[in-house]
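One structure is given here, and the rest of the page talks about it.
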Amino acid sequence: MQRYFLDNNEDFIVGEDYFHIKQVMRMKPQDEIEVCKKDGCYLVQISEISDKVYFHIIKPLNANQPLIHITLIQGLGKSDKQEIVCKYATQFGVSEIIFVPMQRSIAKYDDKSIDKKMDRLKKIALEAARLAHRDEVPEVTYLEDIKKIKNNFDHRFIAYENTKETTFLDKVLKLRHHERIALVIGPEGGIDEKELSYLKTQGFTTVGLGNRVLQTEIASLYALSVIDAFMQTINS
């Protein structure tokens, strides 16, 4: 079942989703789709396709909201790695993905390229949210400085390969529903000592992800899978 996210509470679809329904999916009146509006997600039936796709609601759908609010703070990496992170982090239920350049980041963005690259990542997050049948699309943003990260979290973690005494799982086992989590993953070159020191002054704690050194995109997905698996167990 195709799912579409609307920016308003109107009973019609326009723009790229209109094109997708009409030209790509070749849908007709009476076909059913799922739409997520500001007030929830619904099973709807297409009633008319003209200059817009009009629909009427059949029934509301059960909520599929994340059990915990996760902000992934990802050190800026190569484009292909960022796309992997964006796609699968969305499927694992993150609420926000922040890409931030760090001292050891290989990729560098200039002012002209940031908007274009972020637009692409937002589209990847949108498609991943559709695939995962999420109720909302995570916010994807770019910050030019790690010091601009807001500090409104219940828990703050930094994945750091030199941390052996505290594992990520130890911390995850203490999480509870609806808490706000910040998870920092460094770029390909890792996190610089000065960045590490600064984050610690902001209440971040280093955690280890095991005995092996993981690629940046794999580290993100590993950590998110651990959180997701645990939250599912305490929800059952």
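The values are calculated or read from the model by the stated rules, or taken from the named source; none is laboratory data. Only a predicted model underlies this, so the values are computations on that prediction, with no experimental measurement involved. Cβ sites come from the backbone with ideal geometry, for glycine too, and all protein chains shown count toward neighbours.
Considering each residue of region 70-79 in turn, at least one proves to be crowded, with 21+ Cβ neighbours inside 10 Å, part of a loop (DSSP other than H, G, I, E, B) and either in contact with a Ser or Thr (Cβ under 7 Å, 6 or more places away or on another chain) or of a type in the set (Gly, Ala, Ser) (or both).
Considering the conditions (1) more than 30 Å from residue 194 (Cβ to Cβ); (2) without any contact (Cβ under 8 Å) to a residue 40 or more places away in the chain; (3) crowded, with 20+ Cβ neighbours inside 10 Å, residue 93 is excluded by exactly one of them, (2). The strands (runs of 3 or more DSSP E) located wholly in region 1-50 that include 1 or more residues which are at pLDDT 95 or above and either exposed (fewer than 14 other Cβ atoms within 10 Å of the Cβ) or among the polar types (S, T, N, Q) (or both) occupy 32-37, 40-49.
Scanning region 26-55 for residues that are in contact with an Asp or Glu (Cβ under 8 Å, 6 or more places away or on another chain) and over 25 Å from residue 66 (Cβ atoms) turns up 29, 45, 46, 53, 54, 55.
Scanning region 177-208 for residues that are under 22 Å from residue 78 (Cβ atoms) and within 20 Å of the chain's Cα centre (by Cα) yields a count of 6. Would you be able to say whether some residue in region 97-105 is among the hydrophobic types (A, V, I, L, M, F, W, C) and over 18 Å from the mean Cα position of the chain (by Cα)? There is at least one residue in region 97-105 that is among the hydrophobic types (A, V, I, L, M, F, W, C) and over 18 Å from the mean Cα position of the chain (by Cα).
Within region 182-214, the set of residues being in contact with a helix residue (DSSP H, G or I) (Cβ under 7 Å, 6 or more places away or on another chain) and hydrophobic (A, V, I, L, M, F, W, C) comprises 183, 184, 185, 207, 209, 214. If you go through region 157-211 and keep only what is under 24 Å from residue 231 (Cβ atoms) and either of a type in the set (Asp, Glu) or not assigned by TED's automatic domain parsing to the domain that holds residue 229 (or both), you end up with 170, 179. Here region 174-198 is the region considered, the condition is being farther than 22 Å from residue 82 by Cα and touching a residue at least 40 places away in the same chain (Cβ under 8 Å), and the residue that is surrounded by the most Cβ atoms within 10 Å (Cβ to Cβ) is 175.
Taking every residue in region 59-72 that is of a type in the set (A, V, I, L, M, F, W, C) and pairing it with any residue that is part of a loop (DSSP other than H, G, I, E, B), at least 6 positions away or on another chain, the pairs with Cβ-Cβ distances below 6 Å are 67/177; 68/179; 70/94; 70/95; 72/94. Number of residues in region 209-235 that are within 22 Å of the chain's Cα centre (by Cα) and farther than 27 Å from residue 64 by Cβ: the value is 4.
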